[in-house]
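Inspection log for the structure reproduced underneath, given as structure tokens.
Rule-based calculations on the coordinates, nothing more; no lab input. In this text the structure is predicted, and so the values were computed from the model without any measurement. Glycine gets a Cβ as well: all are built from the backbone with ideal geometry, and neighbour counts include every protein chain shown.
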Amino acid sequence: MEKANSPTGGAAPSPEALAPAAIEAKAEAVGVSKAAMRLSQLAPLAVAAGFFIGLGGLYFTLFMADDTLSFAVQRFAGAVVFSLGLALVIICGAELFTGNSLMVAARLSGRIGTAPMLANWAWVWVFNFIGALALVALVYLSQTYALGKMGAAMLKIASGKVSMPWAVLFFKGILCNVLVCLAVWIGFASRTVIDRLFAVVLPISAFVALGFEHCVANMYFLPLGLLLLASGFPVPPGVDASALTFTGVAYNLSAVTLGNIVGGVLVGMVYWAAYGRKRA
């Protein structure tokens, strides 16, 4: 089929999505560029990603605060709007720790070293946390927690996340980042903004509705709950907030971060084994 010409006289880009092998090649190329990124560029983009994911979490909380909704409707509606976070990351451009685990494809092909990959992960994790904390401060200072039953929902969400066994959090982290990285993978295939927007909705809403754990989202949820608790916000009836401490936050993030790494690496390894190994 003949390609349409662009207004500038060249061939217009194909509207078709990339094929799986081309997605894997693009993932490797993206991994190479991420490993070479200067800290002065990486830092603001990672701060933005932490802020964006937190915004998705804030939107999600609005629905979790409405106890008139049935369980499935509440989870589904909240999960769909949570997709705002990754949509902003992919469309606006930002560095997200969980998505960057796909750099493993470039590492397996020998295009980047282990040290640059791990350095990227470490720096992005730190700056994602800073971005999430910036949103926590704004949400608290704007008294968004006073909207309806938002404050009670914020405390309930945070308390629930620190009360689960470590191994459960770890495996929830694996499942979460399998879905997040598949959303990013589909985003690599996309050609338009609309493609990218729709690419994130089903995988992201699935992980949120099913209660899987995302470390960057928890960098927002947990400090916000801790701040509300420290400020004397009343704990909702039936909620045990005794584990919502700095130690509890570290406990959750240690399990979920490791689980997220495993989940993302699994996605990258599977597609590298299918397509990238032939080029390595």
- Message: With unit charges on the beta carbons (Lys and Arg positive, Asp and Glu negative) and the dipole taken about the Cα centre of segment 14-72, which residue among Val30, Gln41, Met64 sits farthest to the positive side?
- Response: Gln41
- Any helix of the chain counts here only if DSSP assigns it H throughout, its Cα atoms span 20 Å or more along the axis, and its mean Kyte-Doolittle hydropathy is at least -0.5, and such helices are 20-35, 39-64, 114-141, 166-189, 193-209, 215-230, 246-271
- Query: What is the P(r) of segment 87-211, as percent of Cα-Cα pairs per 5 Å bin from 0?
  - Reply: 2, 9, 13, 17, 20, 19, 12, 5, 2, 1, 0
- Task: Give me the number: length gained by fully extending Ile130 to Thr247, i.e. 0.36 nm times residue separation minus the C-alpha to C-alpha distance, one decimal in nm.
- Result: 40.3 nm
- When all C-alpha to C-alpha distances in the chain are sorted into bins of 10 Å, what percent of pairs does each bin hold, rounded to whole numbers? 7, 28, 34, 19, 8, 2, 0
- Dipole moment magnitude, nearest 20 debye, the chain about Cα centre, only Lys, Arg, Asp, Glu C-beta charged: 560 debye
- Full-extension gain in nm, Leu210 to Arg38, via 0.36 nm per residue minus C-alpha separation: 58.3 nm
- Note on the structure: When Phe76, Phe127 are arranged by how many other beta-carbons sit within 10 Å of their Cβ, fewest first, they go Phe76, Phe127
- Shape of segment 116-177 from its Cα gyration tensor (a ≥ b ≥ c, root eigenvalues): rounded if a/c is under 1.5, otherwise prolate when a/b > b/c, or oblate? oblate
- Phi-derived 3J(HN,Hα) across segment 87-99 with the Karplus relation (6.51, -1.76, 1.60, θ = phi - 60°), rounded Hz, x for Gly and Pro, is 4, 5, 4, 6, 7, 7, x, 7, 9, 10, 3, 5, x
- Task: Compute the length gained on full extension between Ala29 and Leu147: take 0.36 nm times their separation in residues and subtract their Cα-Cα distance, giving the result in nm to one decimal.
- Result: 38.1 nm
- Message: For a quick check, take a GNM of the chain with Cα springs below 10 Å and name the residue from Ile186, Ile194, Ile157 with the largest mean-square fluctuation.
- Response: Ile194
- In Å, what is the Rg of the alpha-carbon atoms in segment 231-280, and how long is Dmax? 19.6, 59
- Specify which residue in the list Ser159, Gly187, Ala77 is farthest towards the positive end of the charge dipole of segment 20-276, using unit charges on the beta carbon of Lys, Arg (+1) and Asp, Glu (-1), about the Cα centre. Gly187
- Sorting Arg38, Arg277 on the 10 Å Cβ count, fewest up front, what's the list? Arg38, Arg277
